[in-house]
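Trainee: Input: one structure, supplied below.
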Amino acid sequence: MSAFDLSGRVALITGSSRGIGRSIAEGLVQAGAVVVLNGVNVDRLSAAHADLAAGFGADRVFFRAFDVTDAEAVAAGIDWIESTVGPLRILVNNAGVQHRVPLLDLDVADWQRVMDTNLTSAFLVGREVARHMIARGRGKIINVASVQADLARPTIAPYTVSKGGLRNLTRAMTAEWARHGLQVNAIAPGYIHTEMTQKLVDDEAFNDWILGRTPANRWGTPADLIGPALWLAGDASDFVNGQVIFIDGGMTVVV
Ligand code: NDP
């Protein structure tokens, strides 16, 4: 069996109704995994589910709507997956939101919403899933961070802080869970063309800045995240612990 073969392994990808999460889900199911899609918008989620199930079969693709910031809903969602779909082997903490406003105009409610969705969610979902994984002595957790943790940009303070926290949560989880057979790592995407960044893509000046700032001279696509996610989800990365892998076209290595 190839070190990249995920046959029969159950994977939950949070925030996978669209964008990066959906792309990673598609990559995992192509590699043999049984995937569980997640989001809050049920219509969008069931459309994504129908699409993937048509290609890979209804026994390989499931969905469960829950808000990753709601501890009770998270616990119920993980219980449902474990009892209905099977033992979780892979978790991708991908759900996230952006909120663009200068610090001086930022409401505490918006600060909190970004922290809850991007950071606290990974603790809540990670804790529930890790309880099962630790009992079985193995599992892979991939946290979707961002280059923004390194490149502080104006107007996205809570996002920058939440993604920095997520990278340190990756290390904290590793410190406690690696000895139980779990590998917890993060991927840090650069600028990826999704709904989250559509306004930036449409902004000619920003678009020029991105192309000039990125050695690869292009936006990333959600599909660019599949390879690194597959590596971190499978046996090929069994001795990789607590790392952050940058997938940014070289953005963070130049000034
Ligand atoms: P999108 O906005 O396209 O998709 C976000 C996904 O998260 C949707 O499926 C959405 O579900 C889900 N989501 C949002 N809030 C919640 C919640 N409370 N509970 C459950 N699901 C939720 O984002 P991207 O695909 O661009 O980004 C995915 C991840 O990658 C995020 O963590 C983002 O920060 C990170 N990232 C993105 C970059 C980019 O350039 N695009 C760069 C670096 C990191 P629903 O459809 O129900 O709203």
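What follows draws every value from the coordinates through simple rules; no lab data is involved. Computed from a predicted structure; not experimentally measured. With ideal geometry, Cβ positions are generated from the backbone for all residues, glycine too; neighbour counts draw on all protein chains shown.
Trainee: GNM on the chain, C-alpha springs below 10 Å: top fluctuator among Met196, Met133, Met115?
Mentor: Sorting by GNM fluctuation, first place goes to Met196.
Trainee: Quick one: check the C-alpha center-to-center distance for region 78-148 versus region 214-229, whole angstrom.
Mentor: Cα centres, region 78-148 to region 214-229: 22 Å.
Trainee: Between Ala109 and Asp5, what is the spin-label point distance in nm, taking each point 7 Å from the Cα along the Cα→C-beta axis?
Mentor: So the label points at Ala109 and Asp5 sit 5.3 nm apart.
Trainee: Let me ask something else about it. Could you list Arg127, Arg89 in order of exposure, starting from the residue whose Cβ has the fewest other Cβ atoms within 10 Å?
Mentor: Numbers: Arg127 14, Arg89 22.
Neighbour counts put them in this order, fewest first: Arg127, Arg89.
Trainee: How would you order 177-186, 116-125 from highest to lowest mean count of nearby Cβ atoms within 10 Å?
Mentor: On the way: 177-186: 20.0, 116-125: 23.0.
The densest-packed peptide leads the list: 116-125, 177-186.
Trainee: Of Ala175, Ala157, Ala31, which is the most mobile in a GNM of the chain whose springs link Cα atoms less than 10 angstrom apart?
Mentor: Ala175
Trainee: Given springs between every Cα pair under 10 Å in a Gaussian network model of the chain, which of Gln243, Gln112, Gln148 has the largest fluctuation?
Mentor: Gln112
Trainee: Further question: Taking R0 as 30 Å, what's the FRET efficiency between Gln198 and Asp59 from their Cβ-Cβ distance, rounded to 0.05?
Mentor: 0.30
Trainee: Let me ask something else about it. Relative contact order of region 60-120, please, whole-number percent, based on alpha carbon pairs below 8 angstrom and at least 6 residues apart.
Mentor: Answer for region 60-120 is 32 percent.
Trainee: Right, next: Which ordering of Leu166, Leu91 is given by a fewest-first count of other beta-carbon atoms within 10 Å?
Mentor: Leu166, Leu91
Trainee: For the chain, what does the helix formula give at 222 nm: sum of -39500 (n - 2.57) over DSSP H segments with n ≥ 4, over the residue count, nearest 500 deg cm²/dmol?
Mentor: Here the helix-only value at 222 nm equals -12500 deg cm²/dmol.
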